[in-house]
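Everything on this sheet refers to the single structure shown next.
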Amino acid sequence: MCIRDRWYQRRVRGLEQSTMSTSDKARLFGNKFTTGADIMADGTEDHKGDVARLQSFIGAIAIADLVKSTMGPMGMDKILLSTTGKEMKVTNDGATILKSVVVDNPAANVLINMSKVQDEEVGDGTTSVTVLAGEFLREAEKLINAKIHPQTIIAGFRQATEVAKKRLIDMAMDNSKDTAKFRADLINIAKTTLSSKVVQHDREFFAELCVDAVLRLDGSTNLDQIQIVKKAGGTLHDSYLEQGFILDKKIGVGQPKRIENAKIMVANTAMDADKIKIFGARVRVNSIGEVAKLEAAEKAKMKAKCDSILESGLSVFINRQLIYNYPEQQFADAGVMAIEHADFDGIERLASCLDAEIASTFTDPKGIKLGTCELVEEVMIGEDRVLRFSGVAKGAACTMVLRGANGALLDEAERSIHDALCVLMTTVREHRSVYGGGACEISMAQAVEASAADIAGKAALAMKGFAVALRAIPHAVADNGGYDSAAMVTILESEHAKGNYQMGLDMLNGVVGDMAELGIMESFRSKEQSLLSAAEAAEMIIRVDNIVKAAPRQRQQ
């Protein structure tokens, strides 16, 4: 074998044994062996590994920091403006803020969707769950920078979640057997929920209103039976709870203003002239007399419809759509009260309270289920006339009338009352309650750290990070009040270490106080849902190692 052949064999063996880099392959063989085939279309964005994970963490933490300053009784408000600047909201409600924010980051959208689920499931705790998820991700980012694998972090977080959940269950109290104690718990929960809202100065007054409204339902959790009506004028303290249902509409001209033992039909039907409603259709006539015949035919058809409605034996007719002059006159001649243009949400609630069905056809008037009511009358609220339905079929129904200086204040008050009602409904279903003021978070954090001491491996570091994230909630609440959060949380931890699990942050006085004496209580279900949702959302985002943003579809020429 010649020298040239021996050199060639050694060269081949060397290439086989060595690992060629991508750039070496590109130099030797061209672009055929470069970084794989480019399967993505032009304009597609593909972020991998640490870059993708960093983008996810930054977006989610930014959303959490956005609402962190609204937490607690000393939380600040946000002004939300529409793109035109004409619509404005002033709120510190986390769900309202996050619904109004438009983001392009997928991880941020995960937290926003999580807060919406929290709002639908519990009605409160949307800010807490978002901040808690953000803090979990903040701690996870530190661990990933320390070269700990994401799956190890997830395993530690799962163990920590189970320990925290068990500790929360151990702290829960159930006073549902004692009616007086359970009512006191409900009032304390309502006061705690309202303490971070615009109605915080009148929270005791509104807590009583909310509890009275919920307890009227006798265990029912149907919020449709509680109507909220907003009327500008007066002060928030002028608000009151009205028995029965109030509809913000006026009675037609020449019709009775008061009807006792009413039979009520709730309808969604066209009561205007039966014009031809096909777009672009035309009717051609040769004389004015033929126009008169068309009008007479329309009037006869409408009269037949009115007669069919009157055959049902009703005394009050409520329609979602307009009622024109001719049918209104027919109802007035028959002594029937007619109300037009009731909003759909209003008539659905009214139909539920009256135990009626919403009718749209009248071929069988006797088969339509009418609602019943002891009294329908027109009353004054401030400067406006409204309809009050007293003694409805579902006697638990009631209306909360909110008064206030302006529309923005009333809107925020309505959101606050709705949150309180939702939390109270949740507590009626799930009777347990827990202490507020950061007591639960500190107790869960200490339980997680104690459990982490028995865990061997890097998962213990993730559990300790989980505990640090839990402590961020009382830290944020204290910071928003302008207090020294480090000092207050340190004192609170020492109290819990002594076994005083009822101790929490007294934000009115800036000290650590007894939550049982102060009456600072929260719904167990709200706390549990916040913990589980935040942990699941954080786990989902930690798993991300690739973000692919599809290229926009090109319009075909």
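The values are calculated or read from the model by the stated rules, or taken from the named source; none is laboratory data. Quantities reported herein were computed from a predicted structural model and do not represent experimental measurements. Virtual Cβ from ideal backbone geometry, glycine too; neighbours counted across all protein chains shown. Accessible surface areas use protein heavy atoms only, side chains included; no ligands, DNA or RNA. Shrake-Rupley method; radii C 1.70, N 1.55, O 1.52, S 1.80 Å.
Report, in listed order, any pair from LYS231/LYS394; LYS249/LYS394; LYS231/LYS366; LYS86/LYS231 with a Cα-Cα distance greater than 30 Å. Walk me through the numbers on the way to the answer.
Details: LYS231/LYS394 25 Å; LYS249/LYS394 21 Å; LYS231/LYS366 38 Å; LYS86/LYS231 21 Å.
Flagged as over cut-off: LYS231/LYS366.
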task: Towards the positive end of the charge dipole of the chain, with charges on Cβ (+1 Lys, Arg; -1 Asp, Glu), say which of GLY346, ALA164, ILE318 has the farthest Cα.
output: ALA164
- line: Applied in sequence order to segment 482-499, the curve 6.51 cos²θ - 1.76 cosθ + 1.60 (Karplus, θ = phi - 60°) yields integer Hz couplings, x standing for Gly and Pro, of x, 9, 7, 5, 4, 5, 5, 5, 5, 5, 4, 5, 5, 5, 5, 5, 7, x
field: Long-range amide H partners of ILE251 with built H, under 5 Å
entry: none
message: Using only the heavy atoms of the protein chains and a 1.4 Å probe, how would SER82, SER526 rank by accessible area, largest first?
response: SER82, SER526
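Let me check something: with ligands and nucleic acids excluded, how do PHE57, PHE182 order by accessible area (1.4 Å probe), largest to smallest? Spell out each step's value before the answer.
Working: PHE57 5, PHE182 25 Å².
From most accessible down to least: PHE182, PHE57.
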- line: Relative contact order as a percentage, the chain, C-alpha pairs under 8 Å and 6+ apart, gives 25
- prompt: Which option, [x] 28.4; [y] 25.1; [z] 29.7, is the value of Kirkwood radius over Cα pairs in Å that was calculated from these coordinates?
  reply: [x]
field: Largest-first ordering by accessible area, 1.4 Å probe, given options HIS201, HIS431, HIS496
entry: HIS201, HIS431, HIS496
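Roughly how big is segment 433-557's charge dipole about its Cα centre, with Cβ charges of +1 (Lys, Arg) and -1 (Asp, Glu), in debye to the nearest 20? Intermediate values should be presented prior to the final figure.
On the way: 10 positive and 15 negative charges, 188 e Å.
Here the size comes out at about 900 debye.
Show me the trypsin sites (Lys or Arg not before Pro) within segment 107-208 that DSSP assigns to loop and that have at most 15 other Cβ atoms within 10 Å of their Cβ. Mind showing how you got there, number by number?
Details: sites: LYS116, ARG138, LYS142, LYS147, ARG158, LYS165, LYS166, ARG167, LYS177, LYS181, ARG183, LYS191, LYS197, ARG203; in loops: LYS147, LYS177, LYS197.
Sites meeting the loop and neighbour criteria: LYS147, LYS177.
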task: With θ set to phi - 60°, apply the Karplus curve 6.51 cos²θ - 1.76 cosθ + 1.60 along segment 155-171 and write out the HN-Hα couplings as whole Hz, x wherever there is a Gly or Pro.
output: 4, x, 4, 5, 4, 5, 4, 5, 5, 5, 5, 5, 5, 5, 5, 5, 7
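Just flag the chymotrypsin sites (Phe, Trp or Tyr not before Pro) in segment 237-335 sitting in loop per DSSP whose Cβ has no more than 14 other Cβ atoms within 10 Å. It would help to have the intermediate numbers written out before the result.
Numbers: sites: TYR240, PHE245, PHE279, PHE317, TYR324, PHE331; in loops: PHE279, TYR324.
Those satisfying the criteria are PHE279, TYR324.
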field: Added length on full extension, which subtracts the Cα-Cα distance from 0.36 nm per residue, ASP202 to LYS458
entry: 87.2 nm
field: Amide hydrogen neighbours beyond the local backbone of ALA359, cut-off 5 Å, H modeled
entry: VAL266, ALA267, ASN268
task: Nearest 5 is fine: what % of DSSP beta bridges in the chain come out antiparallel, could you say?
output: 70
- line: Rounded to the nearest 10 Å², the accessible area of VAL423 using a 1.4 Å probe with every protein chain kept is 10
- request: Can you figure out the FRET efficiency of LEU322 with LYS99, using R₀ = 22 Å and their beta-carbon distance, to the nearest 0.05?
  value: 0.10
Length-normalised contact order of segment 471-541 in % [C-alpha pairs under 8 Å, at least 6 apart]: 18
Accessible surface of the chain, 1.4 Å probe, proportion on carbon and sulfur as whole %: 50
field: Nearest-0.05 FRET efficiency for VAL511 and GLU383, computed from C-beta distance (R0 41 Å)
entry: 0.35
- prompt: Where in segment 321-428 are there trypsin sites (Lys or Arg not before Pro) that are in a DSSP coil and have at most 14 other Cβ atoms within 10 angstrom of their Cβ?
  reply: LYS369
- request: Starting at the first residue of segment 420-436, write each ³J(HN,Hα) from the Karplus equation 6.51 cos²θ - 1.76 cosθ + 1.60 with θ = phi - 60°, in whole Hz, x for Gly and Pro.
  value: 4, 5, 5, 5, 5, 4, 4, 5, 5, 6, 10, 5, 6, 9, 9, 6, x
field: Within segment 320-358, backbone nitrogen closer than 18 Å to the virtual label 7 Å beyond the Cα of ASN268 toward Cβ
entry: 320-323, 339-358
- prompt: What pairs from LYS263/LYS301; LYS116/LYS250; LYS303/LYS369; LYS191/LYS263 go past 28 Å between their alpha carbons?
  reply: LYS116/LYS250; LYS191/LYS263
task: With label points built 7 Å along Cα→Cβ from the Cα atoms of ASP212 and GLU162, find their separation and express it in nm.
output: 4.9
statement: Farthest towards the positive end of the dipole of the chain, among THR192, ALA133, ILE520 and with Cβ unit charges of +1 on Lys and Arg and -1 on Asp and Glu, lies the Cα of ALA133
- prompt: Want the number for LYS301 to ARG543: 0.36 nm per residue separation, take away the alpha-carbon distance, what's left?
  reply: 80.6 nm
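Which length gain, in nm to one decimal place, applies between ASN113 and ARG183 when the Cα-Cα distance is subtracted from 0.36 nm times their residue separation?
Details: separation 70, 0.36 × 70 = 25.20 nm, distance 3.30 nm.
So the chain would gain 21.9 nm between ASN113 and ARG183.
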